Structures are given as C-alpha cells and as structure tokens.
Amino acid sequence: MRRRAAVVGVQFDGAPTKTLAVRANAEGWWRDVTQDRFTTSVLSLDTGLFEGTREPRHLEQPQHAFALQLELTNRFRALGADHKLLASGSHTWGEYGREDRALPTAVRDALPLSVRRFNPFAPDYYRPDYDPAVYSRILTDRTEHAGYTAFELSDRAAFQRGRYVVSTGLRYDAVALRVEDRRVGAAFPRVSDGAAQLSYHAGLNWQVKPSRLLAFASISTAFDPSTRVDARTGRIQDNETTLGYEAGLKGRAAKGAVEYSTGAFLLYNRHISRRNPLYDDPVFDANQTQPQLVAAGEERFRGVRAEARWQATPAVALSSRLVAMQAITTASPDLPQEIGRAISRLPAFTSYTQLRYRQPGPAGGPFAAGTWQYVSNYVANYADARRTFLKFPGYGLLHASAGYAWRTPKRTFEIEAGIRNVLDRDLLASNARLGADREFTFSTRLIF
C-alpha cells in the first residue's frame, strides 16, 4: 500500500464586542491510496488452505475534500440567567474515487495453483507486475461526490451563579450524494439522492454542593448522515439514529485529592441497515423490486460507568475507569436468531487502572506509568448457515512505559519507551486476535 496525504487549514478567532465571539475556519484534505494486494477469504481448518480462488488486485482510491465552518457565540443575561448562545453552520464537500482492477479470468486461471490456492505454510507471493493492459478486468470504477451540511443552535443558561445550568439545542444535518458508475452494464450509471434530519438535546447540571458534588441528567438524539446507496434501488439508505438518556454524579474530596464520576445510561440505535430478507425471494421479489437493504435493525444499550482519580502525592496518581453494559439486538429482519441476544464482539464489562508517576516542577524529570486493562468474555458470532457459535474468554493486559522530560521556559523535550502486553499474553490462540503480541515502542516529543 502506498499512501500520500496532505492537509491545509486556516482558522480565525475574534471578538467584535465584549459579548460576541466569532470563530471561522477552512480546511482542505487530499489523499491518494494505491494498493497492490491479493483477495482474502476464510481459512479452512480442515484443509489448511484459504477457500475460493485467490487472485491479485490493483486498487486506486483518490480523495479530496474541503470544509467551511462559522461559529458565533453570544453571552448575555435574560430571564434571571446568564446565557451562552451558540449558532454555527458548516459545509463539507468531497470527492472520492475508487478503481479496482483484476486480471482477465483466463489469465487468472493460468496462474500457478500455489498462487490461486494460498497455503500459509508454503506461501507463494508471485503476482504479475501492474500494467493497465494486464489488469484489464474492471471490477469497480466509480466516483462519489458528497456534500454534508449542518446547522446548530444551542443555549446554556446558568441560574443562581451557576448553581443550576440548563442546556438545550437543535441540530440539522443534511447530506447530498451524486455517484457516477463507469462500469460497463452498471445498473445505475448516475445516481443522485439526499437525506436530512433534525436532532436535539436537553440537559441539567445541579451543584448539590458547590465545587464538591454535581448531579447531571440529559436526553439527546443523534443522526448519522451516511452516503450508503442501495444496490437495487440506487437510493440512499435511511440513516441510523440514536436516542439516549444519561444521569449521574461528579464529585471531589475537600482537598481535591480524590475526584470521581459515576453515571447510568440507556441508548437506542435505530434504522440500522440490514439485508432485506425478501431480496431475491422467488415469491416476494419475483419482479426484482425489493431493495437490497432495509433500515430496520435496532439495538439497545444500558449500563453504568464509573471513574475515579486519586492524587496520592504531587508526583503519584492512581486512576481507574470501568463500564458495565448490557447491549442486545432488539430488531434484526435478516438474522432473527440474534434478537434478544448480546451484540456480538461487544464485551459486557471493560476496565482499566493506571498508576502514573511524574516528577513535578518546572525543570522536568523522570516519569513512568503502568496500566492494567481488562476485557470480559464476548460472543464472536452466533450460529448461522455459514458459522457455528463462537465465544471468546475475557483477558487482561499489562502495559508499561517510562521516560524523561527536559523543560525550559520556552520548550519541553520528552523521550519515552514503552512495552505493550508486558506479559506477552497469546491473544491469537485465546481470542483469534491478530497483532496483539508484545510490542516495544519509543517516541520523542518537542513542545515549543
């Protein structure tokens, strides 16, 4: 893979009056990715080979985008409260291309069998050098032009000098998409579609004990303006939405050495794209009119989270965070056997604890950290026509790092070395997780 990328941006911050603040920015991205790779498939444990025919591919993925944003913040007093009114608007325009080339079928079938049936114990990495005349079979040749627009209006009102803070807001998101498919015989050579939705939030903060204990509660919705296009109809899919509730407490000890936060949440994800069970059905799709996807999947998440931090000494701090959650599928038209079950690959309990040392003072000095991370057991996949039921056990990982910092009034220079998975737990054997072996890192950082 060869990747080239560039980003350029400019931002303006100003205050025309004492109560009005203005922020504006413009940013551009450019990226070009080229891949020469082989197709991959499932490894059969019975044969020791990958299923299907393995073949070389050449992919080119150019992309560029430009974004503009304007944000106005006005502070004023009205109705017995101090208000912070925020109004913002943004627009992002982008163009994304994808060209995927392969060998003609006859040329592919003439490759040695060791290339087409990959044996991981005796790998054959031969592939013809890329040439458009050689890789002449076009699998994908399309360009997408997308525009994202968002407008937001929110107000934060503080009563009794901040004892009570109420926040409300509205957000409007819209996406417009134009797709050009240049493949010969493409079902939809040109597609143009759009989607939009309004979301909102409302919240309350109450200082039960000023500067010591805060209670909070909120309700909010969210909208994901995606650009996924249905292969049968050429229309943008109904976009995923979220409804969430949260409430909890935040506090600190009298001297500030201990800080903590705890809360409970309930979230609903709706309109998730799923495969249409009637797609290609000989009876209900006899006229080939059923969409390939339907936005009918639903999920529910409910649980608690807790965080705590103890500044034992000016140099030593202990922090911990845990999340316990029940996440289940509540609607799934294509996989009804998942309804009422835990969402796959999502553990019910996660936590981490970190002990950190950093020498205080303006001159810098040594620093070190040790982190214990734990992930509970989870279901990898449920039984279906292609897979058997598979569940992985929980595991814990230990990470450690140490370094030194040199500080002056104008700059700071740091060096740091670290070890991930200090105990070298074999997650490949226990959880089929690749790339999680013991890893050594070294980094430097200059701040000026």
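The values are calculated or read from the model by the stated rules, or taken from the named source; none is laboratory data. Please read these numbers as outputs of a predicted model, since none were measured by experiment. Please note: Cβ atoms are built from the backbone with ideal geometry, for glycine as well, and neighbour counts cover all protein chains shown. Please note that ligands, DNA and RNA were not included when accessible areas were found on the heavy atoms of the full protein model with its side chains. Shrake-Rupley method; radii C 1.70, N 1.55, O 1.52, S 1.80 Å.
Here's the yes/no breakdown for (1) open to solvent by less than 30 Å² (accessible area, probe 1.4 Å); (2) among the hydroxyl-bearing types (Ser, Thr, Tyr); (3) free of Cβ contacts under 8 Å to residues at least 40 places away in the same chain:
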residue: Tyr352; (1), (2), (3): no, yes, yes
residue: Gln359; (1), (2), (3): no, no, no
residue: Gly365; (1), (2), (3): yes, no, no
residue: Gln373; (1), (2), (3): no, no, yes
residue: Arg386; (1), (2), (3): no, no, yes
residue: Leu390; (1), (2), (3): no, no, yes
residue: Gly396; (1), (2), (3): yes, no, yes
residue: His399; (1), (2), (3): yes, no, yes
Checklist entry - How about the stretch 229-252: which of its residues are basic (Lys, Arg) and modelled with pLDDT of 90 or more? => result Lys250, Arg252
Next on the checklist: Tell me yes or no: at least one residue of the stretch 273-293 is in a strand (DSSP E or B) and free of Cβ contacts under 8 Å to residues at least 40 places away in the same chain.
Outcome noted: no
Checklist entry - Can you tell me which residues in the stretch 87-108 are in contact (Cβ under 8 Å) with a residue 40 or more places away in the chain and open to solvent by 50 Å² or more (accessible area, probe 1.4 Å)? => result His91, Trp93, Glu95, Tyr96, Arg98
Next on the checklist: For a quick check of your reading of the model, give me the residue pairs whose first member lies in the stretch 426-441 and is touching a residue at least 40 places away in the same chain (Cβ under 8 Å) and at positive phi, whose second is of a type in the set (A, V, I, L, M) and surrounded by fewer than 12 Cβ atoms within 10 Å (Cβ to Cβ), with beta-carbon atoms closer than 9 Å and at least 6 apart or on different chains.
Outcome noted: none
Checklist outcome for this item: Of Asn276, Asn287, the only residue that is open to solvent by 30 Å² or more (accessible area, probe 1.4 Å) and over 30 Å from Ala348 (Cβ atoms) is Asn287
Item to check | the stretch 41-61, residues that are open to solvent by 60 Å² or more (accessible area, probe 1.4 Å) and within 21 Å of Arg98 (Cβ to Cβ) | outcome: Glu60
Checklist entry - Say we look at the stretch 6-35 and pick out the residues that are part of a strand (DSSP E or B), open to solvent by 60 Å² or more (accessible area, probe 1.4 Å) and not β-branched (Val, Ile, Thr); which of these is nearest to Phe121 (Cα to Cα)? => result Arg31
Item to check | Condition met for Ala253 (among the small types (Gly, Ala, Ser) and touching a strand residue (DSSP E or B) at 6+ places or on another chain (Cβ under 7 Å)) | outcome: no
